[in-house]
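Engineer: Next up is a structure, given as structure tokens.
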Amino acid sequence: MSRNNNTQQVHPQNDVETASMEEESNSKELHHKRSMRQLCCVTVIVLLLTIVVLVFTTTIFHVHSAKFRIRSITIDQLSVISSSNAIDMKFEAEIGIKNTNFADFEFEKTSVGFFYRGTRVALVDGDAMVEEGKVKARSTKKVQITAEMGTANSILVDDIKSGALTLTGNGKLSGTVHLMKLIKRKRSFEMNCTININLNKKVVQDINCK
């Protein structure tokens, strides 16, 4: 009888130890799962932050080149003097300043020069001036300028005979891009446009800008 009693007393203790071990195992497993969830959450947050930073650096905080070019030219007066190989012309030009940034662009006063075969064409009041101003984010500012030019050159005879004249318009625009009113980036952009003029019809046929 005593042996049976001793045997019966051992089983409850084993059950308690087994239950304790299972509880400890479950606790470790639960802790492991919680740790994995936390690690996954941290990883997702880091990835999202990385994506946000990349988006901001490649779009919002990335400074793009502004497009500074001649959009159109209207000839008000054009005189061709064949006897002296001379051309006098008055025209109005529309200059476009396109800001592709997600921030305002403030530009300084600048000039646009016109050239014939590499030689600067004389203007009555010097180069056509573009006054200082500002272009809002993701927008285009149009500026009107008026110029008067006159040139006489022996090599004009070929152009006069062909009825076609080619000029180039050049300029450099400098300014500052304001990023969220916290960061300022200075930038300069150059314009190089080729202007093809039909002397017979007294109109600009096309303008190609780079």
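Engineer: Conditions: (1) modelled with pLDDT of 95 or more; (2) closer than 18 Å to Ser79 by Cβ; (3) of a type in the set (S, T, N, Q). Ser139 meets all but one. Number of the miss?
Structural biologist: Of (1) modelled with pLDDT of 95 or more; (2) closer than 18 Å to Ser79 by Cβ; (3) of a type in the set (S, T, N, Q), only one is false for Ser139: (2).
Engineer: Restricting to region 90-106, name every residue that is in a strand (DSSP E or B) and open to solvent by 10 Å² or more (accessible area, probe 1.4 Å).
Structural biologist: Those that are in a strand (DSSP E or B) and open to solvent by 10 Å² or more (accessible area, probe 1.4 Å): Lys90, Glu92, Glu94, Lys98, Asp104, Glu106.
Table: residues versus (1) under 15 Å from the mean Cα position of the chain (by Cα); (2) on the phi > 0 side of the Ramachandran plot; (3) at pLDDT below 80.
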{"position": "Gln13", "(1), (2), (3)": "no, no, yes"}
{"position": "Glu24", "(1), (2), (3)": "no, no, yes"}
{"position": "Asp76", "(1), (2), (3)": "no, no, no"}
{"position": "Phe102", "(1), (2), (3)": "yes, no, no"}
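Engineer: Checking the conditions here, which among Val204, Val157 is under 30 Å from Asn85 (Cα atoms), in contact with a helix residue (DSSP H, G or I) (Cβ under 9 Å, 6 or more places away or on another chain) and not polar (S, T, N, Q)?
Structural biologist: Val157
Engineer: Would you check if there is a residue in region 67-84 being farther than 17 Å from Cys209 by Cβ and part of a loop (DSSP other than H, G, I, E, B)?
Structural biologist: no
Engineer: Looking only at region 114-128, which residues are in a strand (DSSP E or B) and modelled with pLDDT under 90?
Structural biologist: Those that are in a strand (DSSP E or B) and modelled with pLDDT under 90: Thr119, Arg120, Ala122, Leu123, Ala128.
Engineer: Residues that are within 30 Å of Val80 (Cα to Cα) and either more than 22 Å from the chain's Cα centre (by Cα) or acidic (Asp, Glu) (or both): does region 168-186 have at least one?
Structural biologist: Taking every residue of region 168-186 in turn, at least one turns out to be within 30 Å of Val80 (Cα to Cα) and either more than 22 Å from the chain's Cα centre (by Cα) or acidic (Asp, Glu) (or both).
Engineer: Report those strands (runs of 3 or more DSSP E) wholly inside region 129-210 carrying at least 3 residues which are touching a Pro at 6+ places or on another chain (Cβ under 6 Å), among the β-branched types (Val, Ile, Thr) and open to solvent by less than 60 Å² (accessible area, probe 1.4 Å).
Structural biologist: none
The values are calculated or read from the model by the stated rules, or taken from the named source; none is laboratory data. On a predicted model such as this, the values are computed, not experimentally measured, just so you know. Note: ideal-geometry Cβ built from the backbone for every residue, glycine included; neighbour counts use all protein chains shown. Calculation scope for accessible area: heavy atoms of the full protein, side chains included, ligands and nucleic acids excluded. Shrake-Rupley method; radii C 1.70, N 1.55, O 1.52, S 1.80 Å.
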